[in-house]
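A.B. asks: This structure is in structure tokens; I'll ask about it shortly.
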Amino acid sequence: MTLSRKLGPYSLLACAMLVSACGGDSNNNDQGTPTSSAFEICSENITYSIADTNSQLTFIVEHHYAKDKPGSIIANLNQQDSIGKIFLWQQISGPSLELTAVNSQVLAFTPTSNKDYAFKVTVSGDNISIEETVSITADSGDSILRINSDHQMVNRTDASLRIQNINGQVPENISWCMYPSDNNKAFTNVDLSDITRPLFVAPNVDTDQLFSLKATASFDGQTISDDVNLLVTKEKAAPTDAYFSYPVARTHAYKPDSPYANQLASCVYSNQFVEPCNIVNVLPFISQDTKPDPIDTIMDRVLVSHDWMAVNFEAYLRAQTHNDFVELLQSVTAIVISYDIRPAFYAGYIGAIYLDPEYLWLTSAQRDTINETPDYRSNFGEELNYLSPYRYVKNNDYAGQYIEIGNRTNRTMENMSSNLARLLYHELAHANDYYPQSIHANIQGPTLKEEYQRRYEANAMTSDQLNIRYPLTSTEMYGLANVNYSGESANNTQKAYTPSDVAQFFANDLANDDYAYSSTREDAAMLFEEVMMSHRYGILRDIAITDKPEVATSSTIVVEWGQRGRIGQPELYDRASYVVSQMLPAIEVTQVMDGLPAPVALINGLSWAQNLVLTTDPSKSSQKVSSQAEQNAVDPRPLQFSGNDHLQQ
């Protein structure tokens with residue numbers, strides 16, 4: 001393989017790289033020069049180099065690679081789209097690099113020194129089997145702007161980019177532009193409200209197409225810039241009755257030798273999915289297909305967009321000193337972890353859980369691959385006059401480390417653990433609510449769709465019985481949940497509710513979180529989540545009703561009412577113990593429930609941040625506690641709300 005020619009301007013690259021004819025579809029509404037809803041067009045063109053091989057594969061390489069500067073190499077099959085092809089990259093020489101997207105057409109990496117590097121890519125599928133190598137040289141890099149990161153994305157999906165902080169500081173005077181192209185396509189719905197983190201939607205392309213953006217900034221008196229390359233891939237259009245009617249990321253079975261490798265994607269995460277797969281013959285529950293090592297059985301069902309997600313998930317399961325997650329996972333058919341999943345959810349007709357990888361990253365390079373697009377429900381409830389934040393705490397401090405995303409900092413498994421644990425308890429509560437192990441042997445099928453309907457009509461789910469035996473009664477909280485979590489418009493009465501009003505509605509009922517009012521399924525899951533976090537990890541949950549200032553942060557919102565460890569409230573005992581006994585029948589429920597600590601009241605009139613440090617010592621007055629808490633008056637963590645973590649069931 002040799003470097004044979006340079007390509008530029010961008011229009012030539014479009015024809016050579018983009019596999020098919022240049023130009024756009026005049027019927028698409030996302031064509032044309034970007035306007036106020038898109039990136040501005042750069043005043044200059046961009047050029048690349050093409051590395052030829054003896055096969056139909058060529059490499060798109062950058063002119064300049066530098067130490068600590070994100071870069072990429074793109075594998076291109078001349079005259080062919082990448083759909084249906086499998087790509088696998090390996091580094092074969094040079095200082096070892098962390099490669100987080102080895103199954104992509106775009107190999108993104110950051111050289112760690114000014115050395116030579118070589119990589120091998122294997123391409124297979126659709127009667128193709130190709131193996132080629134490519135080499136690059138990185139020089140020293142000073143005063144470099146760094147964008148995370150070059151990547152491949154499917155058409156019409158949400159995406160994000162991120163400019164790294166430099167020595168802990170945000171570069172100044174940041175601007176973005178898109179390099180010119182002849183394909184009449186542009187990113188749409190561009191959101192530059194956070195200039196360090198653009199959000200946008202990829203165009204609907206007719207063939208795989210490469211787009212490049214440029215960011216310019218100033219730092220330490222210098223003007224610096226960086227380019228980022230985004231390969232948008234053509235995908236099959238979804239049928240009108242598809243379960244996932246929107247584009248989903250390309251995923252693959254983590255274990256290629258799994259007996260389910262060939263059907264995982266088509267059965268659980270594809271926009272071609274119309275009818276659920278057979279629960280007996282095609283994709284049964286994990287409980288029905290065991291190996292000597294139960295975690296091996298679980299990993300046979302893991303579908304990912306990036307391998308590191310599965311690696312970290314398996315390591316986490318093996319690090320647990322209890323068996324809860326292995327036991328609860330027996331009631332799922334698959335685990336999907338993908339960069340485009342936000343928030344996490346459970347699919348009852350499919351029997352799979354879908355996890356946001358934000359809960360799984362350990363290195364900054366892994367974090368770079370995660371889409372930062374906020375949950376679509378983030379703006380629900382804007383017209384209401386209160387907030388209901390939550391947090392998990394241990395020993396008067398947050399459970400889990402907070403790492404500002406602009407900084408390049410890794411985290412440990414221990415620091416990752418608490419957030420992932422509460423996510424798994426919640427989503428697996430849904431799985432065991434719908435299909436507990438006790439019914440697996442008697443499921444009639446042929447798919448879970450029929451089984452779900454039978455259980456729904458018979459009120460056979462744990463959440464149904466919870467609602468019948470121990471119902472929530474606050475009509476006001478149910479109405480507010482429709483606004484906060486279903487997007488209904490608030491009426492005048494709801495707009496007029498004060499934090500004191502809402503605190504009274506909530507505190508006098510039997511829910512442990514206001515998200516419980518969004519559905520009976522979420523009611524059960526929230527109870528189970530909080531009990532298990534307290535029981536297994538000694539981690540307690542704070543819930544509060546606060547005011548809603550124009551700028552809402554931990555330091556500006558003031559607690560009207562709140563509790564730490566509300567799940568230990570005696571009035572909630574019967575509800576919570578019933579749910580736990582049904583979700584984990586092997587556990588000693590009475591011992592678990594009796595071991596929960598009594599709730600502690602948050603202090604009215606103090607900020608959310610000041611309420612982090614609490615005391616149960618009656619000799620200490622509220623004033624003294626307030627004084628102790630002054631050190632927590634400034635809290636950099638963003639506020640957390642339950643509805644942003646899980647898709648409503």
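Each reported figure results from applying straightforward, stated rules to the coordinates on display, with no laboratory input. Predicted, not measured: the structure shown is a model, and the values here were computed from it. All Cβ positions, even for glycine, are placed from backbone atoms using ideal geometry, and neighbour counts span all protein chains on display.
A.B. asks: Tell me the angle of helix 307-319 to the major Cα principal axis of the chain, expressed in degrees between 0 and 90 and rounded to the nearest ten.
C.D. replies: For 307-319 against the chain, the angle is about 30 degrees.
A.B. asks: So which of K185/K234; K69/K115; K67/K214; K120/K214 end up more than 24 Å apart, counting from Cα to Cα?
C.D. replies: Details: K185/K234 13 Å; K69/K115 13 Å; K67/K214 19 Å; K120/K214 28 Å.
Where the Cα-Cα span goes over 24 Å, the pairs concerned are K120/K214.
A.B. asks: Rounded to the nearest 500, what is the 222 nm mean residue ellipticity of the chain from helices alone, with -39500 (n - 2.57) per DSSP H run of 4+ residues and division by all residues?
C.D. replies: Details: 16 runs with 151 residues, N = 649.
It comes out at -6500 deg cm²/dmol, rounded to the nearest 500.
A.B. asks: Something else about it: Please rank E476, E40, fewest neighbouring Cβ atoms within 10 Å first, as an exposure proxy. Let's see the in-between values first.
C.D. replies: On the way: E476 17, E40 14.
By the 10 Å Cβ count, ascending: E40, E476.
A.B. asks: Give the angle, between 0 and 90 degrees and rounded to the nearest 10, that separates the Cα long axis of helix 573-583 from the longest principal axis of the Cα atoms of the chain.
C.D. replies: The angle comes out at about 40 degrees.
A.B. asks: Can you figure out the FRET efficiency of I403 with T216, using R₀ = 25 Å and their beta-carbon distance, to the nearest 0.05? Before the final figure, lay out each step's value.
C.D. replies: Details: r = 27 Å, r/R0 = 1.06.
For R0 = 25 Å, the calculated efficiency reads 0.40.
A.B. asks: Using only Cα atoms, tell me the angle between helix 475-486 and the longest principal axis of the chain; keep it within 0 to 90° and round to the nearest 10.
C.D. replies: So the inclination is approximately 10 degrees.
A.B. asks: Using a Debye calculation, one point per C-alpha and no hydration shell, please list log10 I(q)/I(0) for the stretch 318-409 at q = 0.19 Å⁻¹ in order.
C.D. replies: At q = 0.19 Å⁻¹ the computed log10 ratios are -1.27.
A.B. asks: Give, as a single signed number, the net charge of other residues whose beta carbon lies under 11 Å from the beta carbon of I439, with Lys and Arg counted +1 and Asp and Glu -1.
C.D. replies: Charge balance in the 11 Å sphere: +1.
A.B. asks: Ok, one more. Expected output is a single nm value to one decimal: the length gained when fully extending between T137 and H440, i.e. 0.36 nm times separation in residues minus the C-alpha distance. What is it? Intermediate results must be reported in sequence, preceding the final value.
C.D. replies: Numbers: separation 303, 0.36 × 303 = 109.08 nm, distance 5.63 nm.
Extra length from T137 to H440 when fully extended: 103.5 nm.
A.B. asks: Please tell me the relative contact order of the chain in percent, rounded to the nearest whole number, where contacts are Cα pairs under 8 Å and at least six residues apart.
C.D. replies: 10
A.B. asks: How many nm separate the modelled label positions at I195 and R536, each set 7 Å beyond the Cα in the direction of the Cβ?
C.D. replies: Modelled inter-label distance: 4.5 nm.
A.B. asks: In addition: Rank the residues L602, L199, L107 as a footprinting-exposure proxy: fewest other Cβ atoms within 10 Å of their Cβ go first. Working shown, then result.
C.D. replies: Working: L602 22, L199 19, L107 27.
Going from sparsest to densest Cβ surroundings: L199, L602, L107.
A.B. asks: Still on this model: For K548, go through the aspartates and glutamates and keep the ones whose alpha-carbon is under 13 Å away, minus same-chain ones fewer than eight residues off.
C.D. replies: The qualifying aspartates and glutamates are E382, E383, E560.
A.B. asks: Going 7 Å from the Cα of I41 along its beta-carbon direction, which residues of the stretch 183-198 have the amide nitrogen within less than 15 Å of the resulting point?
C.D. replies: 183-187
A.B. asks: On to the next question. Within 10 Å, count the other beta carbons around each residue, average over each peptide in 415-428, 161-174, and list them highest first. Don't jump to the answer; show the numbers that get you there.
C.D. replies: Details: 415-428: 21.5, 161-174: 15.9.
Per-residue mean Cβ counts within 10 Å order the peptides as 415-428, 161-174.
A.B. asks: Could you tell me the extents of the stretch 472-520's C-alpha atoms along the three principal axes, largest first, rounded to whole Å?
C.D. replies: Its Cα atoms span 26, 23, 14 Å along the three principal axes.
A.B. asks: So what does log10 I(q)/I(0) come out to for the stretch 557-602 at q = 0.33 Å⁻¹, using the Debye formula with one equal point on every Cα and no solvent?
C.D. replies: Evaluating at q = 0.33 Å⁻¹ gives log10 I(q)/I(0) of -1.18.
A.B. asks: Can you put V579, V592 in order, fewest other beta carbons within 10 Å first? Before the final figure, lay out the partial values.
C.D. replies: Numbers: V579 27, V592 19.
Final ranking by Cβ density, sparse to dense: V592, V579.
A.B. asks: At what distance in nm do the modelled label points of T475 and N54 sit from each other, each positioned 7 Å from its Cα along Cα→Cβ?
C.D. replies: 8.0
A.B. asks: Over all directions, how big on average is the projection of the convex hull of the alpha-carbon atoms in the stretch 252-368, in square nanometres? Could you put the intermediate results ahead of the total?
C.D. replies: Numbers: hull surface 29.3 nm².
Taking a quarter of the hull surface, the average projection is 7.3 nm².
A.B. asks: Could you tell me the calculated FRET efficiency between A507 and N379, based on Cβ-Cβ distance and R0 = 22 angstrom, to the nearest 0.05? Could the numbers behind the result be given before it?
C.D. replies: Values: r = 27 Å, r/R0 = 1.21.
Plugging the Cβ-Cβ distance into 1/(1 + (r/R0)^6) gives 0.25.
A.B. asks: Let me understand the stretch 514-579 better: what is its radius of gyration from the alpha carbons, and its Dmax, in angstrom?
C.D. replies: Just the Cα atoms of the stretch 514-579 yield Rg and Dmax of 13.7, 41 Å.
A.B. asks: Once the Cβ-Cβ distance between E588 and S486 is put in as r, and R0 is 41 Å, what FRET efficiency do you end up with, to the nearest 0.05?
C.D. replies: Numbers: r = 37 Å, r/R0 = 0.91.
Between E588 and S486 the formula returns 0.65.
A.B. asks: Something else about it: May I ask which residue of P471, N379, L303 lies farthest towards the positive end of the charge dipole of the chain, with charges of +1 (Lys, Arg) and -1 (Asp, Glu) on Cβ and the Cα centre as origin?
C.D. replies: Of P471, N379, L303, it is L303.
A.B. asks: When all C-alpha to C-alpha distances in the chain are sorted into bins of 20 Å, what percent of pairs does each bin hold, rounded to whole numbers?
C.D. replies: 17, 49, 30, 4, 0
A.B. asks: Moving to a separate point now. For N459 and Q640, compute 0.36 nm times the residue count separating them, minus their Cα-Cα distance, and round to one decimal in nm. Walk me through the numbers before you get to the answer.
C.D. replies: Working: separation 181, 0.36 × 181 = 65.16 nm, distance 3.25 nm.
Extra length from N459 to Q640 when fully extended: 61.9 nm.
A.B. asks: Students often get this wrong: which residues of the stretch 324-352 have the backbone nitrogen under 16 Å from the point 7 angstrom along Cα-to-C-beta of I295?
C.D. replies: So the set is 324-330.
A.B. asks: Calculate one ³J(HN,Hα) per residue across the stretch 177-190 by plugging θ = phi - 60° into the Karplus curve 6.51 cos²θ - 1.76 cosθ + 1.60, and present them in order as whole Hz with x for glycine and proline.
C.D. replies: Listing the rounded values in order: 8, 10, 5, x, 8, 9, 8, 6, 10, 8, 5, 10, 6, 6 Hz.
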